[in-house]
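The structure appears below as structure tokens.
Only the coordinates and a few stated rules stand behind these numbers; no lab work does. In this text, all values refer to a predicted model and were calculated from it rather than measured experimentally. Note that we place each Cβ from the backbone using ideal geometry, even for glycine, and neighbour counts take in every protein chain shown.
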Amino acid sequence: MKLILSVEPVRFPLTGIGRYTYELALRLQQNPEITDLQFFAGRRFLPALPTAADESGNGYGLKRAVQKNFLAVEAYRLLMPLLRKRALKNHGDFLYHSPNYYLPPFAGRSVATFHDLSPFTWSHCHAPQLVRYLQKELKATLVRADALITDSEYTRKELAEYFSWPIERIHTVPLASSAEFHPRSADELRSTLSRHGLTVDGYSLFVGTIEPRKNIETLLDAYSRLPIEVRKRWPLVLTGYHGWRNESIHQRLESARREGWAFYLGFVPSEDLPLLFAGARLFTFPSLYEGFGLPVLEAMSSGVPVVCSNSSSLPEVAGDAALMCEAKDTETLTGLIQRGLEDEMWRSSAVEQGLLHAAKFSWERCAMETLEVYRKVVKGQ
């Protein structure tokens, strides 16, 4: 099998779709069934999979700058497919896989991974000019694709229903947490946590971009209802990109910081994140909408109990190992957080169940199931 894999999302430090692309690429490189593997980014083929030593993020800053200008966005949207089409000329005997939604015009068969439908179903949570760009590009992908991959069964069904796309051509391939997310001893954690002003087992954790879809205001409402001694003993720590459409969230975080029960760390170095997970007393994730919800799996892999919402794909990811409630049910969420912090019997069981559940997901499984999708597409199934 001859494969072109778009590695444009691979930028260091790895997050989200970049991590998925990188882990998938590493394993496809080692698979003897793929006789010719080519990496593609922007409008050119790369000699090898990007590494942290490469300046792979240069084009990203340009793209982010372009997103702020409507005319620039539209010019980029119209020009880039033409440039990519020219670069991919004479490769029609390859299969092309985009792990990040977008498929360029391509003479051969092609597959795209859709991680969620937020540009359509949660468009109010994105910048308007970015929504226009994403919607046009994703609709073009639906016309070009021979098959689609989703991270969850929830997104598979949502995609089929929203676009009336044949569900038999959409395949669920779950993600996984990476090897650096695992339980750690207090001695391993102490130095890193102290740099962030934290102690082992001394805080609840939220990881994600500060934006409306993550439902952080409900989390703050729920946490504020806890007894003050509980909040002070285990303050809420949040880390992730600064985000967008979040002025009121950041104001509330600042107020909670002054009161001593919540702290926003910003975006922490990627090498620190697994230790922040492993050192947490509890992981909280009441998101309104997730295509997969990888942080839930990363917390379980780290041996940390989880409280999350039961929205979208999260029940698939959390299984029976987490405490769950409706995303906007503040009162119930408060009770679950308090139980997650104080109920030692449940906590012990949750850690054990979480580790067993997380072990069912692996990047090896992700690669093998992705390869099975490739086989079906190549055979015209």
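Rank ASN90, PHE361, ASN310 by how far each Cα sits towards the positive end of the charge dipole of the chain (+1 on Lys, Arg Cβ; -1 on Asp, Glu Cβ) and give me just the farthest.
ASN90
Only Cα pairs under 8 Å and at least 6 apart count here; give the relative contact order of the chain as a rounded whole percent.
That works out to 15 percent.
Using the eigenvalues of the Cα gyration tensor, what equivalent ellipsoid semi-axes result for the stretch 140-204 when each is taken as the square root of five times the eigenvalue, whole Å, largest first?
Taking √(5λ) for each Cα gyration eigenvalue gives 43, 12, 11 Å.
Need one number: nm distance between label points at ARG195 and ALA52, each 7 Å from Cα along Cα→Cβ, rounded to one decimal.
1.1
Rg and Dmax in Å for the stretch 338-378, alpha carbons only: what are they?
Using the Cα atoms of the stretch 338-378, the pair Rg, Dmax is 17.4, 53 Å.
Report the full-extension gain for the segment THR332 to PHE45: residue separation times 0.36 nm, less the Cα-Cα distance, to one decimal in nm.
Numbers: separation 287, 0.36 × 287 = 103.32 nm, distance 5.16 nm.
Using 0.36 nm per residue and subtracting the Cα-Cα distance, I get 98.2 nm.
Show me 302-309, 97-104, 165-172 ranked by packing, highest mean number of other Cβ atoms within 10 Å first.
Output ranking for 302-309, 97-104, 165-172: 302-309, 97-104, 165-172.
Just the ratio, please: alpha-carbon radius of gyration of the chain over 2.2 N^0.38 Å, N its number of residues.
Relative to the 2.2 N^0.38 Å estimate, the chain comes out at 1.01.
Roughly how many whole Å is it from the C-alpha centroid of the stretch 217-278 to that of the stretch 143-180?
32
How many times 2.2 N^0.38 Å is the alpha carbon radius of gyration of the stretch 240-325?
Taking the Cα Rg and dividing by 2.2 N^0.38 Å, one obtains 1.16.
Hey, got the dipole for the stretch 186-358? About the Cα centre, +1 on K and R Cβ, -1 on D and E Cβ, debye to the nearest 20? Can you show the working numbers first?
Working: 16 positive and 23 negative charges, 105 e Å.
About 500 debye.
Running a GNM on the chain with Cα contacts under 10 Å, which residue among LEU341, LEU314, LEU78 ends up with the highest mean-square fluctuation?
With Cα springs under 10 Å in the chain, the top fluctuation among LEU341, LEU314, LEU78 is at LEU78.
Given bins 10 angstrom wide, list per bin the percent of all Cα-Cα distances in the stretch 186-358, short to long.
Percent of Cα pairs in each bin: 11, 43, 40, 7.
What's the local net charge at SER362, with K and R +1, D and E -1, over the other residues with C-beta under 11 Å away?
Neighbour charge sum, excluding SER362 itself: 0.
Just order 133-141, 3-11, 271-279, 28-36 by mean Cβ neighbour count inside 10 Å, highest at the front, would you?
Per-residue mean Cβ counts within 10 Å order the peptides as 3-11, 271-279, 133-141, 28-36.
Nearest-5 percent of antiparallel DSSP beta bridges in the chain?
Roughly 10 percent of the DSSP beta bridges within the chain come out antiparallel.
If we count every other residue with Cβ under 15 angstrom of ILE249's Cβ, Lys/Arg +1 and Asp/Glu -1, where does the sum land?
0
If you line up the long axis of helix 70-87 against the longest principal axis of the chain, both from Cα atoms, how many degrees apart are they, to the nearest 10?
50
Using just the helices of the chain, give the 222 nm mean residue ellipticity in deg cm²/dmol: DSSP H runs with n ≥ 4 each add -39,500 (n - 2.57), and the total is spread over all residues, rounded to 500. Display every interim value, and only then the final one.
On the way: 16 runs with 174 residues, N = 381.
Per the formula, -14000 deg cm²/dmol.
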